[in-house]
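Beneath this line is the structure, given in structure tokens, with notes to follow.
The values are calculated or read from the model by the stated rules, or taken from the named source; none is laboratory data. Just so you know, these numbers come straight off a predicted model, no measurement behind them. As a convention, Cβ positions derive from the backbone with ideal geometry for all residues, glycine included, and neighbour counts pool all protein chains shown. When the accessible area is computed, the model is the full protein with side chains, heavy atoms only, and any ligands, DNA or RNA have been set aside. Shrake-Rupley method; radii C 1.70, N 1.55, O 1.52, S 1.80 Å.
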Amino acid sequence: MGGEESKLKEKKKAETCKVIASIDFGTRYTGYAFMFRSKASNVEIYKPQRTDMKREHTCIMLIKKSTGKFEFVSFGTKAMDKFIEMEKEGNDDFFFFRLFKTDIMLAKEKEKSLFVKDYQGREVDAQVVFSYVYGFVQSKTLDFLKKSVKEGERLQDDDILWVITIPATWGLMYRDFIRKAAEKSYHNIEIVLEPEAASMYIRNKPMVCSFNGKKIEPFKNGQCYILVDIGAGTTDICTHKVLPDGNLIEICSSSGINEGGEQVNKTFFNELKTLFTEEVMDKFKHENMRFYKLEKEFEDIKHKFKTDTDNAFVLILDEKLLNIFHETTGRKFEIPSTFSEKLELKNSDHMHMKPKFMASLFDHIISTISSKICEQICETENAGHTISCIILSGGLSESDYVYESISKTLTDSSGVKVPIILSPNARNAVVEGALQIVLNPKGIAGRCSPYTYGFYSIIPFEEGNHPKHLKVIRDGKPLCIVVFYKLFEKGDYVKKGDCFFRKSVTSYKKDKNVTRYMSLWRSLDYRQNTAVWRKSAKKRQKSKNRVLVGVGQIA
């Protein structure tokens, strides 16, 4: 589980790699960037495409061969184009996946395997899909380096350290899944949290408060701030304090919700189901590219919406959608009277969405995010810290309406008066901040443990103190089994590389010298873990006498 040897290997891996490449695998878009690390003080970031175009749509096309194995076809925009072409041919051998990052959170667990669904609802091993995405980014990166950079011709994958960002909401099972999927393509991997990457990106940057245009200088020693990364599928929150050396320490465990910009889209399409009926919208969704075109047009409107506008936003309804409605219901589409204050139909296909309607689409996500921020503020204040500001990053934070509404909600409902700031380059803060984490491995100096950790142990039984059902007699001695030996608690500060020791020696005869077992346990509350231990006690006690020696290292 770690030790000095593993720490040295990790340090060597990070320091010997010539190139650092970061991947922000988003719900709607995937961003990636890379840089040579010849000199840490003079780092130049190479981006696969122009700054405003360096993000690919997160969609992938695979084809299933007669052997049952999948092969990669295309990714991003090319996958969308290929999808149109192959769909016309009616080829059922192709599998098209879109917005699948959020699907994995809801996928079924079968023998510890995760699944995602393609556009037809067919289940495919998620590790297959994700590994092909990582393989695409690898080939794209190496190809760019070899064609565009002189020293890139001699680069191999061993020369690159791949930094993969994941949401703070993902647990250990998902992190292990991501590592296994990435290892199919990459030799050197480091996994970092999305909000921490964004925090590293902004920590030394001057910012401007949109409320009054006041310039805010880079953070100073002792200042605390909350960073809220609002993406398409998740919203992640971390709270950091600046240390005297300029590095950061986490003062509250990172948290988040599995909601983001996609929640606004879902609310919008639910409203369309009310307007057109669910049957009509299901039929229209099978007109895949027409559906995606309508969705993209709404995406553009969504990001343009502001609080101080009285103008309606016009969405041109697809002719096919109107025809399906007429064929299904026998009626010409009209706006129902229940929507008359929110919507207006002109020229039979121009749906004018009034500000009241647009605002209602954001209500749920803004309320949820604001509540989560308030929870983090309370937790921070209870720990004795004062927040200097709240910083918003991520694609949805660039929406003026989201920014202003969160600011107003926090002020009106909770009395929060700290500045709320939009991160510079908010959309790309994560992918570029991930590079900074590797350049400065001590940049996040410590974290709050999200769990209580400890080892399984067996100790002498104490009458009146230990439960009788946990008492066993071994070699004539009364012992208490399945005892949780606590290493550290939830909320304790831990640093990367910290080691915690637990030694226990039990004498045994040679004829009992069988395999020894050691296990590291974690729980949300170590005091409530007895039932879990008891349930698996028989399964774990294959050896009557054991030596438990464990060293746990924080990864």
Self-check item: Residues satisfying the stated conditions in the range 267-287, i.e. within 27 Å of the chain's Cα centre (by Cα) and open to solvent by less than 30 Å² (accessible area, probe 1.4 Å)
Solution: 268, 269
Practice problem: Filter the range 373-401 down to the residues that are β-branched (Val, Ile, Thr) and crowded, with 17+ Cβ neighbours inside 10 Å, then identify the one that is farthest from residue 304 (Cα to Cα). | Solution: 380
Practice problem: Return the pairs, sorted by first residue and then second, in which the second residue is part of a helix (DSSP H, G or I) and of a type in the set (Val, Ile, Thr), the first residue lies in the range 297-316 and is open to solvent by less than 40 Å² (accessible area, probe 1.4 Å), the beta carbons are less than 7 Å apart, and the residues are 6+ apart or on different chains. | Solution: 302/264; 313/301; 315/301
Exercise. Being closer than 27 Å to residue 79 by Cβ and among the β-branched types (Val, Ile, Thr) is the filter; apply it to the range 288-325 and report the residue that is farthest from the chain's Cα centre (by Cα).
Key: 324
Exercise. Using the structure shown, decide if residue 338 is more than 30 Å from residue 167 (Cα to Cα), open to solvent by 20 Å² or more (accessible area, probe 1.4 Å), modelled with pLDDT under 95 and out of contact with any Gly (no Cβ under 7 Å at 6 or more places or on another chain).
Key: yes
Quiz item: Within the range 133-157, which residues are touching a residue at least 24 places away in the same chain (Cβ under 8 Å) and open to solvent by 40 Å² or more (accessible area, probe 1.4 Å)?
Solution: 140, 144, 148, 151
Practice problem: Collect the residues in the range 420-452 that are under 30 Å from residue 404 (Cβ atoms), open to solvent by 20 Å² or more (accessible area, probe 1.4 Å) and part of a loop (DSSP other than H, G, I, E, B), keeping them in residue-number order. | Solution: 424, 425
Quiz item: Can you tell me how many residues in the range 102-127 are open to solvent by 10 Å² or more (accessible area, probe 1.4 Å), at pLDDT below 85 and not in a strand (DSSP E or B)?
Solution: 8
Quiz item: Does residue 484 count as over 22 Å from the mean Cα position of the chain (by Cα) and open to solvent by less than 20 Å² (accessible area, probe 1.4 Å)?
Solution: no
Quiz prompt | Candidates 130, 70, filtered to the one that is at pLDDT 90 or above and open to solvent by less than 30 Å² (accessible area, probe 1.4 Å) | solution = 130
Quiz prompt | Hey, residue 264 touching a residue at least 60 places away in the same chain (Cβ under 8 Å), more than 21 Å from residue 447 (Cα to Cα) and β-branched (Val, Ile, Thr) or not | solution = yes
